[in-house]
Amino acid sequence: MDVSFILAVIATILIILILVITTRMSEKYHYIKACRDYFERSDSEGSILSVMEAACYNSGQEEVRVIDLKNCVEFVNFNLGKLQYKIKNEKDMYEIKTKCDNGVIVNFIFIGNNLDSKKLKKYYVIISGNNVREAICQGEPENCSTFTEKMECESQNGCSWSDSKSKCIGIPQPCYIFSDETSCKYQLGCFFIG
């Protein structure tokens, strides 16, 4: 075999390897950037900053919001006035300051001090003044229409049985409104994390 042919083959293989590595690095960069952009934008509903901004200007009235981990954030941690989060399959921690433009410092209160995507993808939080606390009852309640028996229908808070239609109607109470383990467990689709 000709040496120039072998060198050409090796050069081609190296170019292909460089392209593959560069493409993977680029994909990883764009994944991280998209995740951070979503999670750190105050105009993205479900982002940590939209929740924080709501707490910055909260008048003291309780307000329920959702933090959506969007299948890319592994966990969120609040410790010593710092809000940190980690993107799945990454080693770096990212940090967000919790002091608002108006001088208010937002205090996050998470059970166990963090939100974990292994448990849930969406977390309900309750904003009261400058405090953001995790609801102790999480999940999505079963829809009323899924119940086919009167007794099971009426055991779901917010649902009632229509005799004339022979079906379960209504809107189930959201999980985050339940403040104790017993009432949370009896609402199908909800679970207690306290």
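Only the coordinates and a few stated rules stand behind these numbers; no lab work does. This one's a predicted model, so the numbers in the text were calculated from it and none came from an experiment. Here the Cβ positions follow ideal geometry from the backbone for every residue, glycine too, while neighbour counts run over all protein chains shown.
Using 1/(1 + (r/R0)^6) with R0 = 41 angstrom and r between the beta carbons of VAL104 and LYS28, what's the FRET efficiency to the nearest 0.05? Write out the running numbers ahead of the final one.
On the way: r = 36 Å, r/R0 = 0.87.
Here the calculated transfer efficiency is 0.70.
Highest mean packing comes first when the peptides 77-87, 161-171, 47-57 are listed by Cβ atoms within 10 Å, giving 47-57, 77-87, 161-171. For the residue pairs LYS70/LYS97; LYS28/LYS99; LYS28/LYS118; LYS119/LYS150, the alpha carbons lie more than 26 Å apart in LYS28/LYS99; LYS119/LYS150.
Normalised by residue count, the range 1-123 yields a Cα convex hull volume of 140 Å³ per residue. A simple charge model with +1 on the Cβ of Lys and Arg, -1 on the Cβ of Asp and Glu and nothing else charged puts the dipole of the chain at about 420 debye relative to its Cα centre. Dividing the Cα radius of gyration by the Kirkwood radius, what Rg/Rh value follows for the range 139-192? That ratio equals 0.99.
Taking the number of Cβ atoms within 10 Å of each Cβ as an exposure proxy, the fewest-first ranking of LYS118, LYS33 is LYS118, LYS33. 3J(HN,Hα) couplings calculated from phi for the range 167-172 with the Karplus curve 6.51 cos²θ - 1.76 cosθ + 1.60 (θ = phi - 60°) are, in sequence order, 8, 8, 10, x, 10, x Hz; Gly and Pro show x.
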